[in-house]
Amino acid sequence: QVQLVESGGGLVQPGGSLRLSCAASKNIFTFLSISWYRQAPGQQRELVASMTDGGTTIYAAAVRGRFALSTDNAENRLHLDMNTLKPDDTAVYYCKARGTEMENWGQGTQVTDSS
C-alpha cells in the first residue's frame with residue numbers, strides 16, 4: 001500500500017508564496033504519474049499539476065506560470081511551489097499517485113487566503 005503525506009499548507013496573503021510537499025513511501029518515478037489536485041469548498045476536486053514517470057509535466061490553465069512542480073528524489077517527494085497566490089487558490093490540496101494497478105490519495109493539506 002503506497003502512502004502519501006502532504007505538508008506545507010497554511011495561511012497566505014494574496015500575492016504570497018507557499019511550497020507544498022508530497023512525501024511518498026516509495027520512489028515517485030515508479031508511478032505512472034504523480035499529481036496535485038485541489039478541492040475548494042462546494043467545488044469538485046480538480047487537477048492542479050501532474051508529472052509522468054518520464055518527467056513530463058502539465059499544469060491547469062488557472063495555475064500555469066504561477067505554480068511549478070519539482071522533485072526531491074532522495075526523499076521521494078514531489079513539491080508544488082505556488083507563487084502569486086490568489087484568493088481562488090484557497091482549497092484543500094491533495095497528492096495522488098497512479099500506477100498500473102493502483103491509485104492512492106493523501107489526506108490533503110489546507111491552503112487558505114488570509115485576506
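Annotations
- Residue within the stretch 63-86 that is farther than 15 Å from Gly8 by Cα, β-branched (Val, Ile, Thr) and free of Cβ contacts under 8 Å to residues at least 24 places away in the same chain present: no
- Which numbered condition Ala49 fails, given (1) closer than 24 Å to Ser115 by Cα; (2) buried (at least 18 other Cβ atoms within 10 Å of the Cβ); (3) in contact with a Phe, Trp or Tyr (Cβ under 6 Å, 6 or more places away or on another chain); (4) not β-branched (Val, Ile, Thr): (1)
- Glu6 satisfies every condition listed in (1) surrounded by 14 or more Cβ atoms within 10 Å (Cβ to Cβ); (2) at pLDDT 95 or above; (3) more than 21 Å from Lys86 (Cβ to Cβ) except (3).
- Flag for Gly55 being in contact (Cβ under 8 Å) with a residue 40 or more places away in the chain and part of a loop (DSSP other than H, G, I, E, B): no
- Subset of the stretch 58-74 [farther than 19 Å from Arg45 by Cβ and surrounded by 12 or more Cβ atoms within 10 Å (Cβ to Cβ)]: Arg66, Ala68, Ser70, Thr71, Asp72
- For the stretch 101-115, the candidate set comprises residues that are of a type outside the set (D, E, K, R) and assigned to a strand (DSSP E or B); within that set, the residue that is farthest from Arg19 (Cα to Cα) is Asn104.
- The set of residues in the stretch 83-100 that are outside any loop (DSSP other than H, G, I, E, B) and either under 12 Å from Arg38 (Cα atoms) or touching a Lys or Arg at 6+ places or on another chain (Cβ under 7 Å) (or both) comprises Asp88, Asp89, Ala91, Val92, Tyr93, Tyr94, Cys95, Lys96.
For every residue, the table says whether it meets (1) under 15 Å from the mean Cα position of the chain (by Cα); (2) in a loop (DSSP other than H, G, I, E, B); (3) modelled with pLDDT of 95 or more; (4) not charged (D, E, K, R).
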site	(1), (2), (3), (4)
Val2	no, yes, no, yes
Pro14	no, yes, no, yes
Cys22	yes, no, yes, yes
Ala68	yes, no, yes, yes
Leu78	yes, no, yes, yes
Asp81	yes, no, yes, no
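- Within the stretch 22-46, considering residues that are over 19 Å from Lys86 (Cα atoms) and without any contact (Cβ under 8 Å) to a residue 60 or more places away in the chain, the one surrounded by the fewest Cβ atoms within 10 Å (Cβ to Cβ): Asn27
- Of all residues in the stretch 22-33, those being more than 11 Å from Gly106 (Cα to Cα) and in contact with a Lys or Arg (Cβ under 9 Å, 6 or more places away or on another chain) number 4.
- Of all residues making up the stretch 91-103, the number that are over 13 Å from the mean Cα position of the chain (by Cα) and open to solvent by less than 70 Å² (accessible area, probe 1.4 Å): 2
The values are calculated or read from the model by the stated rules, or taken from the named source; none is laboratory data. Worth saying up front: this structure is predicted, and the values here are computed from it rather than measured. Counting neighbours? That spans all protein chains shown, and the Cβs are built from the backbone with ideal geometry, glycine included. We work out accessible area using only protein heavy atoms, side chains counted, and drop any ligands, DNA or RNA first. Shrake-Rupley method; radii C 1.70, N 1.55, O 1.52, S 1.80 Å.
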